[in-house]
Amino acid sequence: MTITYARRVEYIAIGGIAGWLAGFLAALPAEIFIGLRDAGSEPKLLAATLSIGLCVWAIWTLLLALAAWLIFALPCALIADPAWLVRFRTRMLIVTGLTALLAVVLKLWSFRDPAASTHVLRFALYVPYGSFAVVFSVVTAWLYIRLARGRLLRSRTGLTQGTSS
C-alpha cells in the first residue's frame, strides 16, 4: 500500500514547519552575534537591534522556507515513492543536507558584508544562512521520512489509524 497524496502533503507540511523552527533556532546564535556586533556597547541599541533583527529574521526565514517547500520539498514528496525514500533514508538525508549547503556556498558572494572590518566579519552572514538552509532541509526530510515510515509500517502490519488492535 502506498501513501495517498493528501497524506504526503500533510507529512511534508509538518516536516516543513518543524524544519523552519529548527533552522531558526540553529541560526539564532549567529544572529545574536551579528546583533552584538552591530549594536556596539549601547544596551538600548542592543535591545532594539535584537528585537527588530530577530523579528525580521523570523519573517525572512519563514518566506525562504515556504519558497524552498513549494519549489523542492512538495514536488519531491508528491513525485518520489515514500517506500523508496524510507529505504534510502540515510542517503537521502545526506544528499539533502549537501544540496542545501551547496546552494548556500554557490551564493556566497551575496552574503558578503563590504562594510565589515575584518575578513571573518565580512562573511558573518554566511553562517546563519548556511545553518538555516542545512538544518531546515535535513529536518524537513527527516520528519517526512519518519512519518512516512510509520505509516508504511502500520499499513504493512494491518493497523490503520484510529484502531488499537
Task: Filter pass, residue 46 being of a type outside the set (S, T, N, Q), more than 13 Å from the chain's Cα centre (by Cα) and either open to solvent by 40 Å² or more (accessible area, probe 1.4 Å) or on the phi > 0 side of the Ramachandran plot (or both) - done: yes
Task: Filter pass, residue 105 being more than 15 Å from residue 23 (Cβ to Cβ), at pLDDT below 90, under 17 Å from the mean Cα position of the chain (by Cα) and open to solvent by 20 Å² or more (accessible area, probe 1.4 Å) - done: yes
Task: Sole exception among (1) among the hydroxyl-bearing types (Ser, Thr, Tyr); (2) at pLDDT below 95; (3) open to solvent by less than 60 Å² (accessible area, probe 1.4 Å); (4) under 21 Å from residue 14 (Cβ atoms) for residue 137, by number - done: (2)
Open item on the list: Looking only at the stretch 1-20, count every residue that is at pLDDT below 95 and either surrounded by 15 or more Cβ atoms within 10 Å (Cβ to Cβ) or β-branched (Val, Ile, Thr) (or both) and tell me the total.
Closed with: 3
TODO: Just one of (1) at pLDDT below 95; (2) open to solvent by 90 Å² or more (accessible area, probe 1.4 Å) trips up residue 90, so point out which.
DONE: (1)
Task: Residue within the stretch 61-68 that is without any contact (Cβ under 8 Å) to a residue 24 or more places away in the chain, surrounded by 15 or more Cβ atoms within 10 Å (Cβ to Cβ) and not acidic (Asp, Glu) present - done: no
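The values are calculated or read from the model by the stated rules, or taken from the named source; none is laboratory data. In this text, all values refer to a predicted model and were calculated from it rather than measured experimentally. Counting neighbours? That spans all protein chains shown, and the Cβs are built from the backbone with ideal geometry, glycine included. The protein model used for the area step is the full one, side chains on, heavy atoms only, and it has no ligands, DNA or RNA in it. Shrake-Rupley method; radii C 1.70, N 1.55, O 1.52, S 1.80 Å.
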